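The values are calculated or read from the model by the stated rules, or taken from the named source; none is laboratory data. Note that the coordinates shown come from a computational prediction; the quantities given were computed from them, not determined experimentally. Virtual Cβ from ideal backbone geometry, glycine too; neighbours counted across all protein chains shown. Surface accessibility is based on the protein's heavy atoms, side chains included, excluding ligands, DNA and RNA. Shrake-Rupley method; radii C 1.70, N 1.55, O 1.52, S 1.80 Å.
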Amino acid sequence: MRLFINKHQGSFVYGSFALIAIAIHCLFLWHGWLFAANDMQFHLHEINELRQNISHGSLNPLIATFAFNNNGNAVISLYPKWPLYLYAFAQMLFKDSIRGIFIADMIKTFLGLVIAFYSVKSIKKDDLSAYLFALLYMTSNMVLAYDYQTMDIGVMWSLIWIPLVFAGFYQWLKTGKWVGLAIGLSGILLSHILTFVIVLFSLVVLTLFNYKVLFSLKRWQSLFKGAVLAGLLSSLTCVPLIYFTLITPVRYWTPSVPYGLTGTAFKNIFQFFTINNASMYLGLGSLLGIVVSLVNFKRMSKFQIDLFVLGLLLILLQSQLIPWKKLADTPLSIIQFPWRLLIIPLVCFSYLLVVNSIAMIRRLDFHYSPVGIAVIGTVLFVGSALLRSEQFIKSQINTQEINYRVVAQRGVPMDQNGQQIYKVTNEAEYQNLLGYSISWDYYPVKTCNGTTLPRIMQHQGFNLANGETIPMSYRPKPDGIYFEFNLTGKRSNIELPFVAYDHRYQVRLNGKNVSWQISPSGVIQLNHLTSGSYRVDVQYHNSGLKVGMVVPFIIGVITLLVIFVKPTWLPSGLLNNGKFRH
């Protein structure tokens, strides 16, 4: 039996990870309901935007016209959208919006397990350590919390790449290999920008712990190659982000944190350490990782000690030891919630718990079955995840259904603390939730003036001559929209309920191209209109931006294929140290 398992180890690993991914999400799939999460409505709007664009033959929209109140918000370019395609395709394939979400989550969990497994295996060359780490990490409190308590899809997908980043950094540190690091960082950049910043900070700290590597010219050369590859692969995110933030003259509204920028009190950190439910804080596994590391500290490798110190450092940095409230008006406020730093200690202490525990068991010199330990670990970790899922579902099962269409005058139900509390039980309620978005993110500052944004969110134009609003009917299309409205009174200038980030919009009025301008409120303004009925066709054209996004990405993918295939015609030395695994 052991020989058979060893011979077909890859199949057993993939098969078990597939079953585990299904098991972790099976309770939610069985219920077929979505429960309120902090960022759920925002991401469902993103998914709907992509789904509608795909159904209309557009695979790479630059502005939101089918979702986010149909006013041309550039959220679809400024927030990494690439993981969301999986959710859109799953919904379309299974013709079920709610279950499509859970099926996509299963695929995400499967990929996370596989990446975590091979990341640790590339360092330890030990299948048991790699398998247990993958399980511990992907069934942790924090990963489950991001799946269902916040439904922050960007962070959810960035988490699956962090183990590969650390494994790739280890390979670069020890041997100069750089491809794993480049792929991992690219995966994070295609998922969540803030996570990339946090991870990059962590890598800088680890590099300082190993400062002698900075004096190696070969390390700098390999790091440069990795940076180039990461830049190419992440161009789908980086190019539109650079364009809309640096090239266009637009300044963006920065959301504030409802309760201010505050660190976590130590009593709360350790309180959250010990409870066995899903939260954004560290769980019991991380606490055990600290304890086991202290017990085995003298036998840990230099890299393991580095991870231990890094984990503790970030726990301290996100605590109240740092005057976070005083940093609220600095660029550091972009983090919004200091506990976001805990994604790094989660990886560090999960890894240290597994490798140190197995090392201690092996020193006891008694016979054990790796398969038996793997089975026991699977039962414990998956069982714990299911219990936490059941607890979460029970806490939400009696919340209000969204049996009405969400509009500006009636949003989603909230409790006294401003937390959303509702459930979505069928397709009609799912569509109700998409009726209106309260998000002010990624709008120009001058649009967020308290009057313009609420107006355009309700598809109302504005007559600059008499100060009256103009009701408009609309029909969205990829990167554009049709408006119809009636105008009475004298010749006047009007604002359309559509944001303008640059001058690449084509505007047709009753079938004819017309000149337009960006109004002081940051929306499209038409001038010198008289009384009558109007049909306006707005279309955003920016083929150069799309080419700038896609061409580098294709070059990056081809480069990656060349690295792994290693054709004989490749010049010797061009991709030295590129191979990730032995």
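Flag: LEU313 does not match the condition of being of a type outside the set (Ser, Thr, Tyr), touching a Ser or Thr at 6+ places or on another chain (Cβ under 8 Å), open to solvent by 10 Å² or more (accessible area, probe 1.4 Å) and on the phi < 0 side of the Ramachandran plot.
Across the range 189-231, the qualifying residues are those that are crowded, with 22+ Cβ neighbours inside 10 Å and in contact with a Pro (Cβ under 9 Å, 6 or more places away or on another chain), and the one among them that is farthest from VAL551 (Cα to Cα) is HIS192.
Can you go through TRP172, TRP253 and tell me which one is of a type in the set (Phe, Trp, Tyr), modelled with pLDDT of 90 or more and surrounded by 15 or more Cβ atoms within 10 Å (Cβ to Cβ)? Let's see the steps before the verdict.
Working: TRP253 fails: modelled with pLDDT of 90 or more.
From the options TRP172, TRP253, the qualifying one is TRP172.
Screening LEU62, LEU93 for residues that are within 30 Å of LEU545 (Cα to Cα) and in contact with a Leu (Cβ under 7 Å, 6 or more places away or on another chain) leaves exactly one candidate, LEU62.
Note on the range 14-127: enclosed helices (runs of 4 or more DSSP H) holding 2 or more residues that are open to solvent by 20 Å² or more (accessible area, probe 1.4 Å), modelled with pLDDT of 95 or more and not acidic (Asp, Glu) are 40-55, 84-94, 97-124. Out of LEU352, LEU341, one residue alone is buried (at least 19 other Cβ atoms within 10 Å of the Cβ), farther than 24 Å from ALA21 by Cα and touching a Leu at 6+ places or on another chain (Cβ under 9 Å). It is LEU341.
Please enumerate the residues belonging to the range 271-287 that are at pLDDT below 60, open to solvent by 60 Å² or more (accessible area, probe 1.4 Å) and either more than 26 Å from GLY418 (Cβ to Cβ) or in contact with a helix residue (DSSP H, G or I) (Cβ under 7 Å, 6 or more places away or on another chain) (or both). Selection gives THR274, ASN276. Considering the range 366-394, the residues that are exposed (fewer than 12 other Cβ atoms within 10 Å of the Cβ) and in a loop (DSSP other than H, G, I, E, B) include one that is nearest to the chain's Cα centre (by Cα), namely SER369.
Is at least one residue of the range 30-41 touching a residue at least 40 places away in the same chain (Cβ under 8 Å), touching a strand residue (DSSP E or B) at 6+ places or on another chain (Cβ under 8 Å) and among the polar types (S, T, N, Q)?
The initial filter retains those residues of the range 30-41 that are touching a residue at least 40 places away in the same chain (Cβ under 8 Å), namely 31-41.
Okay, now just the ones that are also touching a strand residue (DSSP E or B) at 6+ places or on another chain (Cβ under 8 Å), so 33-38, 40-41.
Those still in the list that are among the polar types (S, T, N, Q) too: 38, 41.
Within the range 30-41, one or more residues are touching a residue at least 40 places away in the same chain (Cβ under 8 Å), touching a strand residue (DSSP E or B) at 6+ places or on another chain (Cβ under 8 Å) and among the polar types (S, T, N, Q).
In the range 304-360, of all residues being among the polar types (S, T, N, Q) and assigned to a helix (DSSP H, G or I), the one that is nearest to the chain's Cα centre (by Cα) corresponds to SER333.
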